[in-house]
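Participant: Please find one structure pasted underneath; my questions will follow.
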Amino acid sequence: MTDLKFVEPDDIPSEFSAYDHKVDQLDVGKTGKVGFLRIKLEKDPEKNKTVVTDQYSQFPLYIQKALHYDEFLPSMANLFIMSPSGGIIQGDRYRIDITLTNQAVCHITTQGATRIYKMNSNYATQLFNITVNKNCYLEFIPDQLIPYQNSRYYQKVELNIEDSATLVYSEILTPGRVAMGEFFSYDICYLKTICRNNDKKIKFLDNFLLEPKKQKMTTLGILGDYTVLATIYIVSKNNSVLQIKEKINLALQDNAEVNGGCSMLPYDCGLVVRLLGNSSEEIKTTIYDIMRIVRKEILGTSFDSVRKT
């Protein structure tokens with residue numbers, strides 16, 4: 001059996017204790033239930049490109065070869081996290097470690113939405129450890145989370161960002177399989193994000209705990225008239241952070257489909273953007289608009305789109 005301590009978050013919330021028992025399919029920890037991915041990237045000065053220097057994957061997680069297709073930023077490595085399983089099922093334990101060093105510049109996304117399947121026992125977890133070292137730049141923009149009926153999911157994201165580095169990280173949470181008539185039919189979705197600097201000092205901590213069967217999601221103070229929630233963290237000490245904040249808020253004022261706002265993170269370590277909408281595609285378009293602003297201010301380059309095919 002795989003050592004679960006290798007991938008299991010060490011702080012499973014108490015809300016999951018009622019589901020912490022044997023699954024009816026493959027037991028927790030069996031082959032195919034524990035996915036692990038480790039990636040290290042750094043700049044190759046001879047090629048003037050960011051390249052993968054260390055990579056390890058354990059089924060069902062793997063990553064596509066680094067691509068350098070961005071005409072505005074040909075040195076940027078573009079990576080796609082992939083899984084042949086089609087989604088996350090009960091008892092799955094995933095862990096993804098990403099490290100950037102030596103002035104690496106990288107964009108990472110997923111092959112598509114993360115589908116969290118129906119569960120009749122246990123739950124699923126996914127742990128991200130993201131380290132962005134001195135003078136590096138990372139955009140980690142995964143596609144949306146789709147929690148199916150009766151699913152239970154805990155995601156913990158640990159960000160370790162050096163003060164001279166920049167990270168743009170986003171999350172999109174949908175109400176479920178809308179086409180199947182599933183609106184907020186999942187049991188629990190818990191999203192936790194912790195950010196630290198190079199001295200391991202906490203920059204910020206952000207938690208989302210959603211239990212649609214225990215709380216009305218459409219009430220004021222939760223989602224109101226909207227169904228899709230997104231958060232973008234822009235962790236940077238760059239001098240242009242205030243200009244980025246102003247430009248993002250101006251762009252959101254002109255957005256008729258998506259409601260949102262941008263504000264400073266604690267200790268002036270960057271920005272957080274909250275978005276509410278009724279379409280994951282409109283939310284993604286807005287995230288790309290925000291990326292366009294950040295790239296222009298931080299890297300001095302433009303941004304077109306993410307190539308998915």
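The values are calculated or read from the model by the stated rules, or taken from the named source; none is laboratory data. Predicted model, so just to flag it, every value in this text is computed and none were measured. As a convention, Cβ positions derive from the backbone with ideal geometry for all residues, glycine included, and neighbour counts pool all protein chains shown. Heavy atoms of the whole protein, side chains included, go into the accessibility calculation; ligands, DNA and RNA do not. Shrake-Rupley method; radii C 1.70, N 1.55, O 1.52, S 1.80 Å.
Participant: Which is over 25 Å from ILE222 (Cα atoms) and not aromatic (Phe, Trp, Tyr), of ARG177, ARG93?
Facilitator: Details: ARG177 fails: over 25 Å from ILE222 (Cα atoms).
Selected residue: ARG93, the only one of ARG177, ARG93 that is over 25 Å from ILE222 (Cα atoms) and not aromatic (Phe, Trp, Tyr).
Participant: Let me ask you something else. Only residues that are under 12 Å from ILE283 (Cα atoms), open to solvent by 30 Å² or more (accessible area, probe 1.4 Å) and at pLDDT 95 or above: list them for segment 238-260, please.
Facilitator: Taking segment 238-260 first, the residues under 12 Å from ILE283 (Cα atoms) are 252, 255-260.
Pick out the ones that are also open to solvent by 30 Å² or more (accessible area, probe 1.4 Å) and you get 255-257, 259-260.
Result: ASN259, GLY260.
Participant: I need the full set of residues from segment 261-291 which are open to solvent by 60 Å² or more (accessible area, probe 1.4 Å), out of contact with any Ser or Thr (no Cβ under 7 Å at 6 or more places or on another chain) and on the phi < 0 side of the Ramachandran plot, in order please.
Facilitator: First pass over segment 261-291, keeping only residues open to solvent by 60 Å² or more (accessible area, probe 1.4 Å): 264, 266-268, 274, 278, 281-282, 285, 289.
Adding the requirement that they be out of contact with any Ser or Thr (no Cβ under 7 Å at 6 or more places or on another chain) leaves 264, 266-268, 281-282, 285, 289.
Within segment 261-291, MET264, PRO266, GLU281, GLU282, THR285, ASP289 qualify.
Participant: Right, something else. Can you name every residue in segment 60-89 that is in contact (Cβ under 8 Å) with a residue 24 or more places away in the chain, part of a loop (DSSP other than H, G, I, E, B) and more than 26 Å from ARG115 (Cβ to Cβ)?
Facilitator: TYR69, ASP70, GLU71, PHE72, LEU73, PRO74, SER75, MET76, listed by residue number.
Participant: Inside segment 89-141, can you point out the residues that are under 30 Å from HIS68 (Cβ atoms), buried (at least 17 other Cβ atoms within 10 Å of the Cβ) and aliphatic (A, V, I, L, M)?
Facilitator: Passing the criteria: ILE96, ILE98, LEU100, ALA104, VAL105, ILE108, LEU127, ILE130, VAL132, LEU138, ILE141.
Participant: Of everything in segment 28-41 that's open to solvent by 50 Å² or more (accessible area, probe 1.4 Å) and at pLDDT 60 or above, which residue is farthest from ASN102 (Cα to Cα)? Reasoning before the result, please.
Facilitator: Taking segment 28-41 as the starting set, the residues that turn out to be open to solvent by 50 Å² or more (accessible area, probe 1.4 Å) are 30-31, 38, 40.
So of that shortlist, the ones also at pLDDT 60 or above come out as 38, 40.
Details: ARG38: 17, LYS40: 11 Å.
Only one residue tops the list, namely ARG38.
Participant: Something else about it: Considering only residues that are open to solvent by less than 60 Å² (accessible area, probe 1.4 Å) and among the β-branched types (Val, Ile, Thr), which ones fall in segment 193-207? Can you show your working first?
Facilitator: First pass over segment 193-207, keeping only residues open to solvent by less than 60 Å² (accessible area, probe 1.4 Å): 193-197, 203-204, 206.
Answer for segment 193-207, where residues must be open to solvent by less than 60 Å² (accessible area, probe 1.4 Å) and among the β-branched types (Val, Ile, Thr): THR193, ILE194.
Participant: Also, I was wondering about something else. So, in segment 106-116, how many residues would count as being more than 16 Å from LEU173 (Cβ to Cβ) and either modelled with pLDDT of 95 or more or not in a loop (DSSP other than H, G, I, E, B) (or both)? Step through it out loud before you land on a result.
Facilitator: Of segment 106-116, the ones more than 16 Å from LEU173 (Cβ to Cβ) are 106-109, 111.
When the remaining residues are screened for being either modelled with pLDDT of 95 or more or not in a loop (DSSP other than H, G, I, E, B) (or both), the result is 106-109.
Selection size over segment 106-116: 4.
Participant: Would a scan of segment 94-105 turn up a residue that is in a loop (DSSP other than H, G, I, E, B) and of a type in the set (Ser, Thr, Tyr)? If you could, list the steps in order and put the result at the bottom.
Facilitator: Of the residues in segment 94-105, the ones in a loop (DSSP other than H, G, I, E, B) are 102-104.
When the remaining residues are screened for being of a type in the set (Ser, Thr, Tyr), the result is none.
Within segment 94-105 (the criterion being in a loop (DSSP other than H, G, I, E, B) and of a type in the set (Ser, Thr, Tyr)), the answer is no, since none of the residues qualifies.
Participant: Now for a separate question. Given (1) under 22 Å from ASN129 (Cβ atoms); (2) touching a residue at least 24 places away in the same chain (Cβ under 8 Å), identify the lone condition not met by SER57.
Facilitator: In the conditions (1) under 22 Å from ASN129 (Cβ atoms); (2) touching a residue at least 24 places away in the same chain (Cβ under 8 Å), SER57 misses (2) alone.
Participant: Now, a different point. In segment 240-269, what residues are touching a residue at least 40 places away in the same chain (Cβ under 8 Å) and closer than 30 Å to GLY176 by Cβ?
Facilitator: Scanning segment 240-269 gives ILE248, ALA251, LEU265.
Participant: Give just the number: which of (1) surrounded by fewer than 19 Cβ atoms within 10 Å (Cβ to Cβ); (2) of a type in the set (Phe, Trp, Tyr); (3) more than 19 Å from LEU173 (Cβ to Cβ) does PHE303 not satisfy?
Facilitator: The single condition PHE303 does not satisfy is (1).
Participant: With the requirement that a residue be over 19 Å from the mean Cα position of the chain (by Cα) and within 27 Å of PRO9 (Cβ to Cβ), what does segment 35-52 give you? Lay out the reasoning, then the answer.
Facilitator: Restricting attention to segment 35-52, the residues satisfying the condition of being over 19 Å from the mean Cα position of the chain (by Cα) are 42-52.
VAL52, the sole residue that qualifies.
Participant: Let me ask something additional. Would you check if there is a residue in segment 4-15 being of a type in the set (Lys, Arg), under 23 Å from the mean Cα position of the chain (by Cα) and either modelled with pLDDT of 90 or more or surrounded by 16 or more Cβ atoms within 10 Å (Cβ to Cβ) (or both)? If you could, list the steps in order and put the result at the bottom.
Facilitator: Taking segment 4-15 as the starting set, the residues that turn out to be of a type in the set (Lys, Arg) are 5.
Now drop any that are not under 23 Å from the mean Cα position of the chain (by Cα), which leaves 5.
Pick out the ones that are also either modelled with pLDDT of 90 or more or surrounded by 16 or more Cβ atoms within 10 Å (Cβ to Cβ) (or both) and you get none.
So far as segment 4-15 goes, no, none of its residues is of a type in the set (Lys, Arg), under 23 Å from the mean Cα position of the chain (by Cα) and either modelled with pLDDT of 90 or more or surrounded by 16 or more Cβ atoms within 10 Å (Cβ to Cβ) (or both).
Participant: Mind listing whichever residues of segment 206-239 are free of Cβ contacts under 8 Å to residues at least 60 places away in the same chain, over 15 Å from the mean Cα position of the chain (by Cα) and closer than 28 Å to ARG295 by Cβ?
Facilitator: Keep residues of segment 206-239 that are free of Cβ contacts under 8 Å to residues at least 60 places away in the same chain, which gives 207-208, 210, 212-227, 229, 239.
Now restrict to residues that are over 15 Å from the mean Cα position of the chain (by Cα): 210, 212-227, 239.
Correct list: TYR226, ASN239.
Participant: Further question: Answer yes or no as to whether VAL273 is closer than 27 Å to GLY224 by Cα, of a type in the set (A, V, I, L, M) and at pLDDT 95 or above.
Facilitator: Details: closer than 27 Å to GLY224 by Cα: yes; of a type in the set (A, V, I, L, M): yes; at pLDDT 95 or above: yes.
Taking the combined requirement at face value, the residue satisfies it.
Participant: So which residues in segment 237-284 are among the polar types (S, T, N, Q) and farther than 28 Å from CYS189 by Cβ, if there are any at all? Give the steps one after another, and end with the answer.
Facilitator: So in segment 237-284, the residues among the polar types (S, T, N, Q) come out as 238-240, 243, 249, 253, 255, 259, 263, 278-280.
Across segment 237-284, the qualifying residues are ASN238, ASN239, SER240, GLN243, GLN253.
Participant: Right, here's the next one. At pLDDT 95 or above and under 11 Å from the mean Cα position of the chain (by Cα), is that true of LEU145? Give the steps one after another, and end with the answer.
Facilitator: Details: at pLDDT 95 or above: yes; under 11 Å from the mean Cα position of the chain (by Cα): yes.
In short, yes.
Participant: Would it be correct to say that ASP70 is surrounded by fewer than 19 Cβ atoms within 10 Å (Cβ to Cβ) and either modelled with pLDDT of 90 or more or over 30 Å from ASN135 (Cβ atoms) (or both)? Even if it seems obvious, please write down each step before you answer.
Facilitator: Values: surrounded by fewer than 19 Cβ atoms within 10 Å (Cβ to Cβ): no; either modelled with pLDDT of 90 or more or over 30 Å from ASN135 (Cβ atoms) (or both): yes.
Spelling it out, it is not the case that ASP70 is surrounded by fewer than 19 Cβ atoms within 10 Å (Cβ to Cβ) and either modelled with pLDDT of 90 or more or over 30 Å from ASN135 (Cβ atoms) (or both).
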